[in-house]
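Note sheet for the following structure.
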Amino acid sequence: MGKYTYQPKYQAPVSPTAPMYLTPEEKQAGINPRLKVAARRFMCPSCGREFSLFQSRAVACKYCPKASDRCPNVRCPYCDSEFPIAGFVTPENSREDQRIMNDYTDEVFNRWADRYNLR
């Protein structure tokens, strides 16, 4: 799939390691930059619907064997199109950011599965 020509400002990839403002309420609730990046909504270039990295991993990637193995892609839960995390969710040339977000989403879903005995 080719590069996207237009991305609204809110769609711009964000680094989880970049300085990010957290309100006192967000800090009190335990929200961190990784959570904010994973929960951000992005518009699918193929179908135009919005989804987050969490939605992608929980719905579209749920049964994929690569989902818990640092998969470099994010999949739209609506049209099943796949895009690289780098350049879509995180800045294009940052493999470190891609690794951080993959590890974070894996950790969240593994904790959830362990909590509810889904393994």
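The values are calculated or read from the model by the stated rules, or taken from the named source; none is laboratory data. Small disclaimer: the values here were computed from a predicted structure and weren't measured. Cβ: placed from backbone, ideal geometry, glycine included. Neighbour counts: every protein chain shown. Surface areas here come from the heavy atoms of the whole protein model, side chains and all, with no ligands, DNA or RNA. Shrake-Rupley method; radii C 1.70, N 1.55, O 1.52, S 1.80 Å.
Overview of results
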quantity	calculated
Contact order relative to length of the range 36-107, as percent, for alpha carbon pairs under 8 angstrom and 6 or more apart	26
Surface share of carbon and sulfur [accessible, 1.4 angstrom probe, percent] for the range 13-116	51
Cleavage-rule hits (GluC sites (Glu not before Pro)) in the range 25-119: DSSP loop, at most 15 neighbouring Cβ within 10 angstrom	GLU92
Segment LYS27-ASN110, extension gain: residue separation times 0.36 nm, minus the distance between their alpha carbons	27.6 nm
Per-pair calculated FRET efficiency, R0 = 25 Å: LYS62 and ASP103 via Cβ, rounded to 0.05	0.90
Under-5 Å amide H pairs with THR90, H placed in peptide plane, nonlocal only	VAL14
For ASN73, distant residues with modelled amide H under 5 Å away	ILE85
